[in-house]
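Below is one structure; the comments refer to it alone.
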Amino acid sequence: MIDLKQLREDPDHFREAARAKGIVVDVDRLLELDEARRTLVAEQESLRSEQKRISKEMGPELGRRKGRLKKADAEEAAVLQREIAELEARPSELKALIQGLDERIELVEPEWRALWLKVPQPPASDVPPGASAEDNVELRRWSPDGFDPGTSFTEQKGFAPRTHLQLIEQLGLVDFERGVKMAGSRHYVLVGDGMRLHQAILRLAFDHMTQTHGFTPMSVPVIVREECMVGTGFFPSGREQAYHIEESQRGAGHDLFLTGTGEVGLMGYFADEIIDRERLPITCTTVSTCFRREAGAAGKDAAGLYRVHQFDKVEQVVIHEADEATHRAWHGRMLGYVEELLQQLELPYRLLQCCTGDLGAKNEDMIDVECWIPGRGKDGPDGRPLGDWGETHSASRLRDYQTRRLNLRYRDEDRKTVFPYALNNTVVASPRILVPLLEIHQQEDGSIRVPEVLRPYLGGQERIG
RNA sequence: GGAGAGGUGGCGGAGCGGUUGAACGCGCCGGUCUCGAAAACCGGUAUGGCCUUCGGGUCAUCGAGGGUUCGAAUCCCUCCCUCUCCGCCA
């Protein structure tokens, strides 16, 4: 969430941010509620202050009288009762006033809070304006020697590519029918070398982060409380994307939600904590199963492994001191780790600078990585797909938006608590990454060449099929 | 799932409903002493909000949320969490 003080000082900055991101939020209404709430709270506090003061002054006096009242005769009791009534008059009045203010505060607070959570993080000043993914800007691309996404696969390789669906079918790597039988559309079962390849890639990526780059390996819960989802910024706006386990319907005290990314667990881990400055930067990674309802994506990428409800992902998270330059440096570094991995896997990819309209509420900057997928895109004159880029990674710079929501802080040199900056980035998500991997490394005979880095994770196997 | 015990500051641990934001101890920081250190002694040591003439003022917080009361860490209710025993179990 954003800093309300900043909002008060420069509301236009946040109005403009919401507009740029295409998010509708009534900033004026929020300011109005904020002002009303602060006035009411201030009033209530001064009344409380008086109540406390009176209570301290005459509380013991009152208590003594009430004690005496118990064993007083009728005449004394009457006197005592009158005195008690006098003493209690002002405090009773205060109590009523405070309660009245309570009710008025409760009237504004829910809307105030809901609006506050909705105000997006302003995009960084150098993020290009744009309405949607159409306006994203390519930063750079890389291809292994001897391959160029600009020219057709058939021309370069001397044979027409099969789609990953055809390859999967021929090689028996995935059973979609049984997946759908058990769990419905967008479910699948990786079989044989399909499952081995999936595990090999995850392990390669995990080792890449932990062993090569020293990130702390962690496991995370993938079933979490609502607070984790709100704290990491996935709720309330993305509520319909998460599977909801309604344990409260069965008598439990709270519901649970399936996480769509390991980021939720890696960040939620530190929620409500004040971290020692010496522990920063925190660099951690996890491999976790991710669940996404894909609400609103009906019919989109309906076939194959590209868009599914359940997948596994190696995720990297960095939490560091609140500093702009450090933030940008980490962003580049984390992208570098991904590029290393994709280059080792010999997959053509490009980096896309997301425009303001494609950022989402919590990011100030986001760079997507897309891999070249020969079997994607529109059909060419020969009736075969022309190939297209497909998003496989996303690297977000969140500044303090997420740590503020999570109430995650550290102490600076002056012993002041500060919200650190956070970033997260996919290392690899599978089986989605299998789509480009299978298609790019397919051979004319329909077999798949296993890139060298993966071979140790497949018992030295050089080829599938 | 059944039975019981309990959640207080960085940690340990007090707390008849009324100067208890919280005794005491440990830890930590500063000081005295010392060539230096230890010991001893003295002082300080939560987080957040709002206001501020930047000195400070004020409110909230004793697992969470409600309630009783003029007044709640203390009484009542609900929930969350932890521990012990039994049952089940990868």
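The values are calculated or read from the model by the stated rules, or taken from the named source; none is laboratory data. Nothing here was measured: the structure is a model prediction, and the numbers come from that model. Methodologically, a virtual Cβ is constructed for each residue, glycine included, from the backbone with ideal geometry; neighbour enumeration extends over all protein chains shown.
Here are the numbers:
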read-out	value
Condition check for A:Glu346: within 26 Å of A:Leu204 (Cα to Cα) and of a type outside the set (Val, Ile, Thr)	yes
Which numbered condition A:Pro381 fails, given (1) free of Cβ contacts under 8 Å to residues at least 60 places away in the same chain; (2) under 17 Å from the mean Cα position of the chain (by Cα); (3) not in a strand (DSSP E or B)	(2)
Selection count where residues are in contact (Cβ under 8 Å) with a residue 24 or more places away in the chain, part of a loop (DSSP other than H, G, I, E, B) and over 23 Å from the mean Cα position of the chain (by Cα), scope the stretch A:417-449	4
Every residue from the stretch A:444-465 that is under 17 Å from A:Arg162 (Cα atoms) and buried (at least 18 other Cβ atoms within 10 Å of the Cβ)	A:Ile448, A:Val450, A:Ile464
Verdict on A:Leu347 being crowded, with 19+ Cβ neighbours inside 10 Å, outside any loop (DSSP other than H, G, I, E, B) and more than 16 Å from RNA strand B (Cβ to nearest atom)	no
Scan of the stretch A:96-132 for residues that are of a type in the set (S, T, N, Q) and assigned to a helix (DSSP H, G or I), ordered by number	A:Gln99
The stretch A:226-264, residues that are within 16 Å of RNA strand B (Cβ to nearest atom), in contact (Cβ under 8 Å) with a residue 40 or more places away in the chain and crowded, with 20+ Cβ neighbours inside 10 Å	A:Cys228, A:Gly231
Tally of residues being in contact with a Leu (Cβ under 8 Å, 6 or more places away or on another chain) and surrounded by 14 or more Cβ atoms within 10 Å (Cβ to Cβ) across the stretch A:265-284	6
Residue within the stretch A:399-416 that is under 22 Å from A:Phe270 (Cα atoms), assigned to a loop (DSSP other than H, G, I, E, B), at pLDDT below 95 and in contact with a His (Cβ under 9 Å, 6 or more places away or on another chain) present	no
Of residues in the stretch A:400-424 being in contact with a Lys or Arg (Cβ under 9 Å, 6 or more places away or on another chain) and of a type in the set (D, E, K, R), the one farthest from A:Thr286 (Cα to Cα)	A:Glu413
Single residue of A:Cys284, A:Cys290 found to be within 13 Å of the chain's Cα centre (by Cα) and either assigned by TED's automatic domain parsing to the domain that holds A:Gly377 or in a strand (DSSP E or B) (or both)	A:Cys290
